[in-house]
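To keep things clear, I will list the structure first and then write my remarks on it.
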Ligand code: KG4
Ligand code: ZN
């Protein structure tokens, strides 16, 4: 089965082909960073318009790739949610229309399920069960993953996502969007002993997160100091240390609570090198193994949606559920991961 995957939930248009026999065949990405950078964050209406411009040429390009040689896919997977409504509508309506035109099934995928399964595209994929730390611009959660479709959310953020905290802190420091990579870059020149940020919600039990206080702490620190380049670097360093250490503390608890020996870190913030180094140390401490998607599949991409769609469609083919030839569609700007539970 060859699945065309379409991702359009935020500011990246991603298209890919995943094949049961050959694995990931082609993947392409159109990033919108240039569109949104001057605003310091994603402008939803501009994101939707960019997806409209990029999506069909990207699909044409992927289908025509020599690896595929114009073969019509057997199915289409598109991101149904969560995400920006206008952006999601572009991927869902194009995906559904193509499925109708080609007379093939289509399936809506939960964006976070895509992130969660992205490490499966690597050479040494994790076996089930595992703990997944999903850290993106819109979400931060810990999930106990028993099998495909069997996800228990162990904890999540009560306010800002980790990536959102990076983005907002970068903005107040005058660093460019997206904030994660620019804070990581700036922090390389930061001093480790100048500022100490809190590790939110680590002094009480539980696996929930809260990152909005760190952004406020960064703001107060910035207001109380001259914002020269060294001070900006020092704040970036202290902020990155606080976020990454907090994530490690919660992952340690999740490993202890579940007894799992595998830890998946996925989503845009999973690209952070400091976080990866700290997670490697944590895994070693617990005789566990840490798994990541390759850097380009940490952030949004079509490959993870094609793969998740492939898994779901395979599961449906072996169950007796109705074939996916329904041409109506919905998008879900808000969609708790728990609602896709046990529903392959
Ligand atoms: O998964 P993603 O592409 O989009 C969402 O689903 O939200 O994640 C984007 C987020 C942004 O907030 C970005 O600042 C953050 O991931 N990010 C990083 C790094 N690269 C991207 N955060 C920290 N360090 C990085 N190297
Ligand atoms: Zn994402």
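No value in this document is a laboratory result; all are computed from the given coordinates. Fair warning: this is a prediction, and the values are worked out from it, not measured in the lab. Here the Cβ is made from the backbone with ideal geometry for all residues, glycine too, and neighbour counts use every protein chain on show.
Note down the relative contact order for the stretch 157-274 as a percent, whole number, built from C-alpha pairs under 8 angstrom at least six residues apart.
Details: 138 pairs, mean separation 39.2, N = 118.
The value is 33 percent.
State the Kirkwood hydrodynamic radius of the stretch 25-66 in Å, one decimal place, computed from all pairs of distinct Cα atoms. Spell out each step's value before the answer.
Details: mean 1/r = 0.0876 Å⁻¹.
In the stretch 25-66 this quantity evaluates to 11.4 Å.
Which three semi-axes in whole Å describe the equivalent ellipsoid of the chain, each the square root of 5 times a Cα gyration tensor eigenvalue, listed largest first?
35, 23, 16
Measure nothing but the geometry: give the 0 to 90° angle between the long axis through the Cα atoms of 162-172 and the longest principal axis through the Cα atoms of the chain, rounded to 10°.
Relative to the chain, helix 162-172 is tipped by roughly 60 degrees.
If I model a spin label at residue 22 and residue 71 as a point 7 Å from the Cα along the Cα→Cβ vector, what separation in nanometres do I get?
Placing both labels 7 Å along Cα→Cβ, they lie 0.5 nm apart.
If I fit a long axis through the Cα atoms of helix 44-64 and take the longest principal axis of the Cα atoms of the chain, what angle between them do I get, 0 to 90°, rounded to 10?
Helix 44-64 sits roughly 50 degrees off the main axis of the chain.
Neighbour counts of other C-beta atoms within 10 Å: give me 157, 35 arranged from fewest to most.
Least crowded to most crowded, the residues run 35, 157.
Starting from the Cα-Cα distance between residue 196 and residue 273, subtract it from 0.36 nm times their residue separation and give me the gain in nm to one decimal.
Gain in length upon complete extension: 25.7 nm.
Within 10 Å of each residue's Cβ, count the other Cβ atoms and sort 285, 122 from fewest upward. Walk me through the intermediate numbers first.
Numbers: 285 11, 122 14.
Ranking 285, 122 by Cβ neighbours within 10 Å, fewest first, gives 285, 122.
As I understand it, the value is the acute angle between the Cα axis of helix 229-258 and the longest principal axis of the Cα atoms of the chain; what does it come to in degrees, rounded to 10?
Roughly 60 degrees, rounded to the nearest 10.
Binned at 10 Å from 0, what are the whole-percent values of the Cα-Cα distance distribution for the stretch 156-199, short to long?
Result returned by the calculation: 27, 50, 23, 0.
So the label point goes 7 Å from the Cα of residue 159 along Cα→C-beta, right? Which residues of the stretch 228-249 then have their backbone N under 15 Å from it?
243
Over the Cα atoms of the stretch 1-87, how large are the radius of gyration and the largest Cα-Cα distance (Dmax), in Å?
In order Rg, Dmax, the Cα atoms of the stretch 1-87 give 13.8, 43 Å.
Between the stretch 69-146 and the stretch 216-259, what's the alpha-carbon centroid distance in Å?
30 Å
Would you work out the relative contact order for the chain, in percent, from Cα pairs under 8 angstrom that are 6 or more residues apart?
Reported relative contact order: 25 percent.
Against the empirical 2.2 N^0.38 Å scaling, what ratio does the C-alpha Rg of the stretch 127-292 come to?
So the stretch 127-292 has a normalised radius of gyration of 1.02.
Which whole-number percentage describes the relative contact order of the stretch 2-126, with Cα contacts under 8 Å and a sequence gap of 6 or more?
This gives 27 percent for the stretch 2-126.
Test of understanding: ordering 26, 269 by Cβ neighbours within 10 Å, fewest first, what list do you get?
Ranking 26, 269 by Cβ neighbours within 10 Å, fewest first, gives 26, 269.
Helix-derived [θ] at 222 nm for the chain: sum -39500 (n - 2.57) over DSSP H runs of at least 4, divide by residue count, nearest 500?
Numbers: 10 runs with 143 residues, N = 344.
So the helix-based figure for the chain works out to -13500 deg cm²/dmol.
Sticking with the crude label model, points 7 Å out along Cα→Cβ, report the distance from residue 188 to residue 280 in nm, one decimal please.
Distance between label points: 1.6 nm.
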